[in-house]
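Reviewing the structure listed below.
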2 protein chains.
Amino acid sequence: MIVVKVGGGAGIVYDALCADVATLVHAGQQIILVHGGSQETNALAERLGHPPRFVTSPSGYTSRYTDRATLEIFLMAVAGKVNKLIVEQLQRLKVNAAGLTGLDGRLLQAQRKAIIRIVEDGKQKVLRDDWTGVIEHVNTGLIQLLLHAGVLPVVAPIAASHDGEALNVDGDRAAAALATALGAETLLLLTNVPGLLRAFPDESTLIRHIPRADIESFLPLAQGRMKKKLLGASEALSRGVGCVILGDARRAEPISRALAGEGTMIR
Amino acid sequence: MIVVKVGGGAGIVYDALCADVATLVHAGQQIILVHGGSQETNALAERLGHPPRFVTSPSGYTSRYTDRATLEIFLMAVAGKVNKLIVEQLQRLKVNAAGLTGLDGRLLQAQRKAIIRIVEDGKQKVLRDDWTGVIEHVNTGLIQLLLHAGVLPVVAPIAASHDGEALNVDGDRAAAALATALGAETLLLLTNVPGLLRAFPDESTLIRHIPRADIESFLPLAQGRMKKKLLGASEALSRGVGCVILGDARRAEPISRALAGEGTMIR
């Protein structure tokens, strides 16, 4: 089983991704697809007059500040548009996909972080009314039911809080949680760069292999969202996933190429 | 089993609906919820600068003209927002709901009507690039899987074409198709009127009972969307559903009240 996460950034070629999923699934591979939707969310938020706001935590991770209005925009863009257009593409390629958020059947259960600490202009601040969370539990039963029925799950990064509220969760860490809970051999994190770069953004400085024991020492090289990918990779590897690959989703056959070694392989 | 369809019109009280679903489910009732989302779709379409267009067929039925841009707005408003906010409300009430469109797992398979005939200014016209369809098949296996797992399905009125394309389908007829395919005893169509009115919009003229054999003779009384509800009712009754109720979703306990006889009961 492979858990594939595809980011929501610029340059992602969903057609190529879906075609590759179809080829692999028709050859007998079991795949779970997790997606993002940052770019669609930003675009919709701008058009609806509620522009996105990104904040940085004291430990240096960047994330979307999700007030209730942003959560509803996120649901529309990610669960409504990105998820269903991927499912539609897969259905057109004869892959029987089903889209889910972590709210559906409580697939992903998370601890809400209603109050978050951020750093702005060098000062620590507190933000309230945040609708994000950290995943604590995966309801593998529902995913297994779908897989046994021959259905490919397409998962949007939304979780249920303990009280049943919808929460925006990080897609890479959602994919890592799913890979861990389902005992996947491989977690593939596809994005719009070729993998971890020694000198970002110079793509010729791609790091091809990282021994799992050394992942911490590579963290300082990670820029922006790549930090969360390495964090997700580290979590997944420490909990039994055999291999994490950071691959490029801007080209044909992105999954097959990543599996063949074009990307950063961590194991 | 009861299939409950709740319309997407003005005045619908989703809180009351979800609270009633929770009470009934916790008392052992099996429910499948189907929803609309016309009002959310109209509002989003206006805000995105692609206002809705409604057309009337030669036989007098009104429907949304769904070009590709409208389809994507429909996915955002209906599959993204309405569906997930209902699922969230149910999860908060300890009902393990899961939202689905008919595209997911090919739950609802439809024949696309890419070209539709309409009547405008008294003349027949042809419209192309329409992304609507008529449901032909329900994949009951997927719904049964969810029900057996204790999950309440919340279904958005979107179907898969034979080619796997996403299609906007009529919610009342989707509910009727689900009730028929699943052998439900009761199909409940909740809307923002008390039922079929002898003299619309005078709510004191509610028709409480319609013998199923006489449904055709009541069609001339139906205004606007009520025509499609009677059509859905007629289809469901002719295919084995025991009872169809047209009820009011603007009040507390809308399902319980409809089952208790407050509405138009057709059987």
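Selection of strands (runs of 3 or more DSSP E) fully inside the stretch B:90-163 by the criterion of at least 2 residues being of a type outside the set (Gly, Ala, Ser) and more than 11 Å from every other protein chain (Cβ to nearest Cβ) returns B:108-112, B:116-120, B:123-127, B:133-138.
When the residues of the stretch B:1-21 are narrowed to those that are more than 14 Å from the chain's Cα centre (by Cα) and more than 18 Å from B:THR186 (Cβ to Cβ), which ends up surrounded by the fewest Cβ atoms within 10 Å (Cβ to Cβ)? So the residue we want is B:ALA10. For residues that are over 23 Å from B:LEU127 (Cα atoms), more than 14 Å from chain A (Cβ to nearest Cβ) and more than 18 Å from the chain's Cα centre (by Cα), tally how many sit in the stretch B:31-55. Here the count works out to 0.
The set of residues in the stretch A:107-130 that are under 19 Å from A:VAL155 (Cβ atoms) and surrounded by 21 or more Cβ atoms within 10 Å (Cβ to Cβ) comprises A:LEU107, A:LEU108, A:ALA110. In the stretch B:61-75, the count of residues that are under 29 Å from B:GLU253 (Cα atoms) and either within 13 Å of chain A (Cβ to nearest Cβ) or of a type in the set (D, E, K, R) (or both) is one or more.
Summed over the stretch A:22-50, the residues that are within 20 Å of A:PRO254 (Cα to Cα), of a type outside the set (A, V, I, L, M, F, W, C) and surrounded by fewer than 22 Cβ atoms within 10 Å (Cβ to Cβ) give a count of 7.
So in the stretch B:85-101, with the set limited to residues that are within 18 Å of the chain's Cα centre (by Cα) and β-branched (Val, Ile, Thr), which one is surrounded by the most Cβ atoms within 10 Å (Cβ to Cβ)?
B:VAL87
Of the residues making up the stretch A:189-206, those that are outside any loop (DSSP other than H, G, I, E, B) and at positive phi number 0.
Entry remark, the stretch B:1-32: residues being assigned to a helix (DSSP H, G or I), touching a strand residue (DSSP E or B) at 6+ places or on another chain (Cβ under 8 Å) and more than 22 Å from B:ILE143 (Cα to Cα) number 1 in total. At least 1 residues being within 26 Å of B:ALA22 (Cα to Cα) is the threshold, and among the helices (runs of 4 or more DSSP H) wholly inside the stretch B:207-267 those reaching it are B:226-238, B:254-259. Can you find, within the stretch A:54-89, the residue that is farthest from A:MET226 (Cα to Cα) among those that are part of a loop (DSSP other than H, G, I, E, B) and touching a helix residue (DSSP H, G or I) at 6+ places or on another chain (Cβ under 8 Å)? So, considering only residues that are part of a loop (DSSP other than H, G, I, E, B) and touching a helix residue (DSSP H, G or I) at 6+ places or on another chain (Cβ under 8 Å), the one farthest from A:MET226 (Cα to Cα) is A:THR66. Selection of the stretch A:37-53 for residues being of a type in the set (Gly, Ala, Ser), assigned to a loop (DSSP other than H, G, I, E, B) and modelled with pLDDT of 95 or more yields only A:GLY49.
Across the stretch B:167-188, the number of residues qualifying as under 22 Å from B:THR56 (Cα atoms) and part of a strand (DSSP E or B) comes to 2. Among the residues of the stretch A:232-267, those that are touching a residue at least 60 places away in the same chain (Cβ under 8 Å), aliphatic (A, V, I, L, M) and over 18 Å from A:ASN192 (Cα atoms) comprise A:ALA236, A:VAL241. Which residues, counting only those in the stretch B:1-52, are more than 25 Å from B:TYR65 (Cβ to Cβ) and hydroxyl-bearing (Ser, Thr, Tyr)? Correct list: B:TYR14, B:THR23.
Looking across the stretch A:215-242 at every residue that is of a type in the set (S, T, N, Q) and modelled with pLDDT of 90 or more, the one that is farthest from A:ALA176 (Cα to Cα) is identified as A:SER217.
The values are calculated or read from the model by the stated rules, or taken from the named source; none is laboratory data. These figures come from a predicted structure and were not determined experimentally. Quick reminder, even Gly has a Cβ in these numbers, built from the backbone with ideal geometry, and neighbours come from all protein chains shown.
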